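A short worksheet on the structure shown next.
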Amino acid sequence: MKKILYSWMLLGLVVLFACEEQGRLGLDESEVGFNFRMIPSATSFNLADTDPSVTFTMYSETNNIKKVNVVVELYQFLNNSRTWRFNLAEIDGATITNDGTTKITVPLSAFADATGVDPASLGGGDVFTIYNVVELENGKVYPDTLDLDGKKYINTENSYFPSGATTSFTGQLNFPMVCSVSSPFTGTYTVTDDCGLFSGDVVLATVAGNPVQRTFTGTWAIDEDNVFSGIGFDLDLTCGRVFVQTQSIGLGCGGGSNVDVATSSIDDLGPGLYDDLDDGQFTVNVRYPNAACFGGFDCALTFTKK
């Protein structure tokens, strides 16, 4: 009986020392981490509004944030280029709570001023992107690489540990330029294609949940032996320009390869054009990018309302 008792005592000591060692090498040596969420009141800027703005609501369950730098860059479609990243706002970490009371409101003019552009020059295809850079009270920075005012800053330690019940981090948010569409741009249109692929009449329809997007299907033919009906794609009417997000037209070449369309590059045809006050005719310029299936060239489509 004594041998059994001694055995249990020995096992208990081993477990006790093991737990102490694990604590010393586990949680006891970890650093306090952070979480940080930023929720915007809008996901785009409507250029039809007078200096539109976005309100950011911030949340954090931790109290080790020293500050958050919100930096911004602008992608300019017509130049096919991005600006440097510049400081848009600085938020004192002591003011950030988890009850939704921490808010900042930033107008479009502030985005433009930070990146050094004239708000009047903004148009369809332009996108502001913001990045959150969190500095902790112990000096750690996340993310560990930052382009700011044309200079690159790197934190080689790259160490952070999420804490709290929510470990989310909002690192990046995009804000494209949009405009309201006044004319219907729906109904029956005759489509002509300088590549001779789309032809005949098509019905242009709205897309649920997206007031600037339209969709259509029609006849698409390579030659008289390869004629397909019910073929089409979605297009976006954006501040006088027509954009086509990369998508399949509904045909494939096998092996998961599709006949795709996308907006023609600005170095080629560029986006199509429309007049917001007249939906009688507009153009859509697309590229068939998947040369391995069918493509490697650009086409100009003209839609004329019947």
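With the requirement that a residue be in contact with a Phe, Trp or Tyr (Cβ under 9 Å, 6 or more places away or on another chain) and either closer than 17 Å to Thr186 by Cα or assigned to a loop (DSSP other than H, G, I, E, B) (or both), what does segment 277-293 give you? Asp279, Gln281, Phe282, Thr283, Val284, Ala291, listed by residue number.
Residues are listed down the side, and each one gets a yes or a no for (1) within 18 Å of Gly272 (Cα to Cα); (2) free of Cβ contacts under 8 Å to residues at least 40 places away in the same chain:
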| site | (1), (2) |
| --- | --- |
| Phe185 | yes, no |
| Thr190 | yes, no |
| Asp193 | yes, no |
| Gly196 | yes, yes |
| Asp201 | no, no |
| Gly218 | no, yes |
| Glu224 | no, yes |
| Ser229 | no, yes |
| Leu235 | yes, no |
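Of everything in segment 46-69 that's assigned to a loop (DSSP other than H, G, I, E, B) and under 30 Å from Thr238 (Cβ atoms), which residue is most open to solvent (accessible area, probe 1.4 Å)? The selected residue is Thr50. Scanning segment 278-305 for residues that are open to solvent by 60 Å² or more (accessible area, probe 1.4 Å) and modelled with pLDDT of 95 or more yields Asp278, Gln281, Arg287, Pro289, Phe297, Lys305.
For segment 236-265, name all the residues that are part of a strand (DSSP E or B), of a type outside the set (Val, Ile, Thr) and touching a Gly at 6+ places or on another chain (Cβ under 8 Å). Residues satisfying the conditions are Arg241, Phe243, Gly250, Asn258, Asp260.
All but one of (1) without any contact (Cβ under 8 Å) to a residue 40 or more places away in the chain; (2) touching a strand residue (DSSP E or B) at 6+ places or on another chain (Cβ under 9 Å); (3) open to solvent by 70 Å² or more (accessible area, probe 1.4 Å) hold for Ile249; which doesn't? So Ile249 meets the others, but not (3). Taking each residue of segment 58-87 that is on the phi > 0 side of the Ramachandran plot and looking for partners that are of a type in the set (Val, Ile, Thr) and surrounded by fewer than 18 Cβ atoms within 10 Å (Cβ to Cβ) with beta-carbon atoms closer than 8 Å, six or more apart or interchain, yields Asn80/Ile266.
The values are calculated or read from the model by the stated rules, or taken from the named source; none is laboratory data. Just so it is clear, the model here is predicted, and its values are computed rather than measured. Note: ideal-geometry Cβ built from the backbone for every residue, glycine included; neighbour counts use all protein chains shown. To get the accessible areas, we keep the full protein, side chains included, count just its heavy atoms, and leave off ligands, DNA and RNA. Shrake-Rupley method; radii C 1.70, N 1.55, O 1.52, S 1.80 Å.
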